[in-house]
1. In the chain, which Cys residues have no partner Cys with a Cβ closer than 4.7 Å?
2. Taking the Cα centre as origin and putting +1 on Lys and Arg beta-carbons and -1 on Asp and Glu beta-carbons, what dipole magnitude results for region 276-360, to the nearest 20 debye?
3. Would you kindly calculate the translational diffusion coefficient of the chain, applying Stokes-Einstein with the Kirkwood radius from alpha carbon pairs, for 37 °C and a viscosity of 0.692 mPa s, and quote it in µm² s⁻¹ without decimals?
4. Report the label-to-label distance for ALA259 and ILE166 in nanometres (one decimal), using points 7 Å from each Cα along the Cα→Cβ vector.
5. Rank GLY384, GLY36, GLY364 by mean-square fluctuation in a GNM of the chain with C-alpha springs under 10 angstrom and give only the top-ranked residue.
6. In nanometres, what is the gap between the two model label sites at ASP306 and ARG157, each 7 Å from Cα along Cα-to-Cβ?
7. Using the charge dipole of region 67-356 (Lys, Arg: +1 at Cβ; Asp, Glu: -1 at Cβ; taken about the Cα centre), state which of HIS205, MET143, MET330 has its Cα farthest towards the positive end.
8. With each pseudo-label sitting 7 Å past Cα toward Cβ, what's the GLU51-ARG74 distance in nm, one decimal?
Amino acid sequence: MSAVSLFLASWVVPVSSPVIADGAVAIRDGRILAVGEALTLKSQFPEARVENCQGVLLPGLVNAHIHLELSAYRIPQPTGAQSFCDWIRALLKLRQTGEISVPETVRAARQMLEQQYRAGIVLLLDIGNTIPASPAIAQTTAMHSTFLLELLGPDARAEEQVLARIDSLPDSVLATAHAPYSTTAGIMTVLKKRADRLGHIFSLHVAESVDEVVLLRNGQGCFRGFLEERGAWDGRFLRPGKNTPGVVDYLAGLGLVDANLLCVHCVQISEEEVRLLAARGCRICLCPGSNRFLGVGVAPLERMLDQGLLPAIGTDSMASNKSLDLWREMRILREDHPGVSPARILAMATLGGAQALGRARDFGTLSSGKMASLLNARSPALQGAGDAEQLLDILTSGGQPEKLRWMGENGNITA
Ligand SMILES: [Zn+2]
């Protein structure tokens, strides 16, 4: 049997159980064997190789929504007079001009992925329309990532083309739909069935802006004009005779709302819709930094938690965020939801993400049986924490700790 390694730290934050002062994590064969007080584990594993990490040991963070292919894109933040559609127009314009070359796009994506790993991300879900870059890039780090090819099409003509493309996709390419405002019900339904068959999560931008609700409710709002100016409005989003008070209701009417649906954003959803998502066991990912950047509102996190949901956190892309930093996203959540405890916010960034991506068997907490990807965080502020409460407060509101490194399975890779 291979040797046990024991990592000691001033604080161990398992996430699944209370913070341990002067704690330790025992690992063997890349998996966590035990988590507890240092003294206890030292006597339990007297032969173990011991390493004193100092600072804090916590599970790697999970970025449950990113678009690496947009890492070189900088779209100005919309002003008050501009709509969500104006931001999409600016993004499409930049894409269509070809101003950002393919090599530059790939380089920026690669740099961003490496940056994510150095910042303590162990697992991420990358969504992209063009470059399946992340699996290849991820091999250069010990990060675990999944790429989903994102497809969309708003009208009958586009639907025909996209359905033909889906037919020709090999099963090795995992695919998902963009959003209810850009993708016909027909395309979403086929992609959802395909995701169910292939056993991967179906990630969808849901209820990001109020205009999306208005489009599905009565065919109005900024998306109507946006689609008309592209000759792509044929009323496909409207379902005559069906009552569609909200985006989740619309998706439920299509039979898409179940445990394999990952709803990203969920800003403009009603209490009833939150209840429905919880009842169906859906997964949720919030992108607070992106929502703030685009001025679309704040997701009803308290209601979600009340319903027993633990949303994941995503950074979204550089096109709609100032930086892709999960530590900053936690801080924004703390600011937007002062009543939510720091422990809950940290659980979202770790366990919530792992659950959302269907990887909680391996990631999300420091507990027996999980992969030994231990994140070691150190900073003067963390050093000064007097108790567990203060420590969690600093971890979730202090931004990225000055020193981060990977211990255990991911080796002693210093950030
Ligand atoms: Zn997104």
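1. CYS53, CYS263, CYS266, CYS282, CYS285, CYS287
2. Roughly 140 debye for region 276-360.
3. It diffuses with D of about 149 µm²/s by this estimate.
4. Each label point is offset 7 Å from its Cα along the Cβ direction, giving 2.3 nm.
5. Judging by the Gaussian network model, the answer is GLY384.
6. 4.7 nm
7. Comparing the listed Cα positions along the dipole, MET143 ranks first.
8. Here the answer is 3.8 nm between the modelled labels.
The values are calculated or read from the model by the stated rules, or taken from the named source; none is laboratory data. Computed from a prediction, not measured in an experiment: that's the story for all the values here. With ideal geometry, Cβ positions are generated from the backbone for all residues, glycine too; neighbour counts draw on all protein chains shown. Quick note on the areas: whole protein, heavy atoms, side chains included, nothing else; ligands and nucleic acids left out. Shrake-Rupley method; radii C 1.70, N 1.55, O 1.52, S 1.80 Å.
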